[in-house]
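Here's the structure we're looking at; comments come further down.
The values are calculated or read from the model by the stated rules, or taken from the named source; none is laboratory data. If you're wondering where the values come from, they're calculated on a predicted model, not measured in any experiment. Heads up, the Cβs are rebuilt from the backbone with ideal geometry, glycines too, and the neighbour counts pull from every protein chain shown.
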Amino acid sequence: MAIRLTKTAKRAGCAAKQPPGYLFPLLQRLPPVTDPQVLVGSATADDAAVYRLDDERALVLTTDFFTPIVDDPYDFGAVAAANALSDVYAMGGRPLTALNLVGFPAELEVEILGEILRGGAEKAREAGIDLVGGHTIKSEEPIYGLAVTGLVHPQRVVSNAGGRPGDRLILTKPIGTGIVTTAAKNDEDSLGAIGDAIAVMATLNRAAAEAMIAVGVGEAGVHAATDITGFGLLGHLRNIVRASGCGAVIERARVPVLEAALTYVGQGIAPGGTHANRRFLAESVAWGEGLQEADELLLCDAQTSGGLLIAVASERSEALMSALHERGVQHATCVGELCEAPLGPKPIAVR
């Protein structure tokens, strides 16, 4: 299995050529969701759909899959599984079960697929669930992910749309994994940081979700949350402020960042998706004086299996931070706050 797995993932499918957010106007052309049991659909760009079963139970439904971002097949499977499970945690739910989604080239050794599946299965087991089946197709490059079903109380769903001015914004993992994995793919990881990036990406957001639930969801607690993935920190924050009808201020110096990512982005290393995010967010973000291009790229860096970004009532922010740290979420940091919607066109200010 001595193969550079990332080298088998070809650059640019059709979707990769499109700018971030290109699906939003397309989704608006689809028939609106009319089933009253659908509590969360696609309208708010949330991480998962939520379907109400009864007064006590609602299903959380999501899927995510991608081509390799790391070379080791086991690590690829574990990271992809953690990434898919994260959508359920971001909604305040707990996973129940999951299905494998696999695309695999005929010319690769089948043992590679076995390691990918093992990585996914062991990460699912860490989350307390089993993988109960799935579907496999032949593809030109390896593809792996999960379709996950979770459970949440209908009155304790955490969506993008609940944020309120004055909420503190808590980020639970450092950013910069897109920059580090790109350095590794290009044989430019001079600091040997890929192991740290994999450790961040393979860490479940389970503890962070449990902390949210512990401090309370609703009026006097957590109001909104999302997990940070392909749109980067500011891209996913954009979804929260748009759905919630408010603005946001981010303090660049407070944002936890992988140290190697700081070095690499200064050397001009960043994935295409990160640059695309920065261009896409130009109409949404007001950058403060003194910030450099490297700062902008870091905050727009396309993540895989990033942390949760949680909007919590200011009076409960310390309780949430304590709950996170007690559960081992060491990098949890208050990175900014939500505010009244600005008069101008740019809802996010970075200073």
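Tell me whether segment 53-66 contains one or more residues that are assigned to a loop (DSSP other than H, G, I, E, B), within 24 Å of GLY162 (Cβ to Cβ) and among the hydroxyl-bearing types (Ser, Thr, Tyr).
So far as segment 53-66 goes, no, none of its residues is assigned to a loop (DSSP other than H, G, I, E, B), within 24 Å of GLY162 (Cβ to Cβ) and among the hydroxyl-bearing types (Ser, Thr, Tyr).
Please specify each residue of segment 326-349 satisfying the condition of being surrounded by fewer than 17 Cβ atoms within 10 Å (Cβ to Cβ) and either under 15 Å from VAL255 (Cα atoms) or modelled with pLDDT under 95 (or both).
The answer is GLN330, ALA341, PRO342, LEU343, GLY344, PRO345.
I need a count of the residues in segment 269-318 that are over 19 Å from the mean Cα position of the chain (by Cα), outside any loop (DSSP other than H, G, I, E, B) and more than 22 Å from ARG168 (Cα to Cα). Break it down into steps so the answer makes sense when it comes.
Quick first cut of segment 269-318, residues over 19 Å from the mean Cα position of the chain (by Cα) only: 269, 279, 282-295, 313-318.
Filter once more, keeping what is outside any loop (DSSP other than H, G, I, E, B): 279, 282-283, 285-287, 293-295, 314-318.
Checking which are more than 22 Å from ARG168 (Cα to Cα) leaves us with 279, 282-283, 293-294.
Residues that pass the stated criteria total 5.
Please work out which one of (1) among the small types (Gly, Ala, Ser); (2) in the same structural domain as HIS325 (by TED's automatic domain parsing); (3) surrounded by fewer than 19 Cβ atoms within 10 Å (Cβ to Cβ); (4) farther than 27 Å from ALA43 by Cα is the condition GLY114 fails and give its number.
The single condition GLY114 does not satisfy is (2).
Would you pick out the residues in segment 135-177 that are under 30 Å from LEU108 (Cα atoms), of a type in the set (Ser, Thr, Tyr) and not assigned by TED's automatic domain parsing to the domain that holds HIS223?
THR136, SER139, TYR144
Give the number of residues within segment 74-100 that are touching a residue at least 60 places away in the same chain (Cβ under 8 Å), closer than 12 Å to LEU131 by Cβ and not in a helix (DSSP H, G or I).
Adding up the residues that qualify gives 0.
Of the residues that make up segment 174-191, is at least one crowded, with 24+ Cβ neighbours inside 10 Å, at pLDDT 95 or above, on the phi < 0 side of the Ramachandran plot and of a type in the set (Lys, Arg)?
For segment 174-191, residues crowded, with 24+ Cβ neighbours inside 10 Å, at pLDDT 95 or above, on the phi < 0 side of the Ramachandran plot and of a type in the set (Lys, Arg): absent.
Quick check, is ALA84 aliphatic (A, V, I, L, M), in the same structural domain as LEU146 (by TED's automatic domain parsing) and farther than 16 Å from ALA124 by Cα?
Answer is no for this residue.
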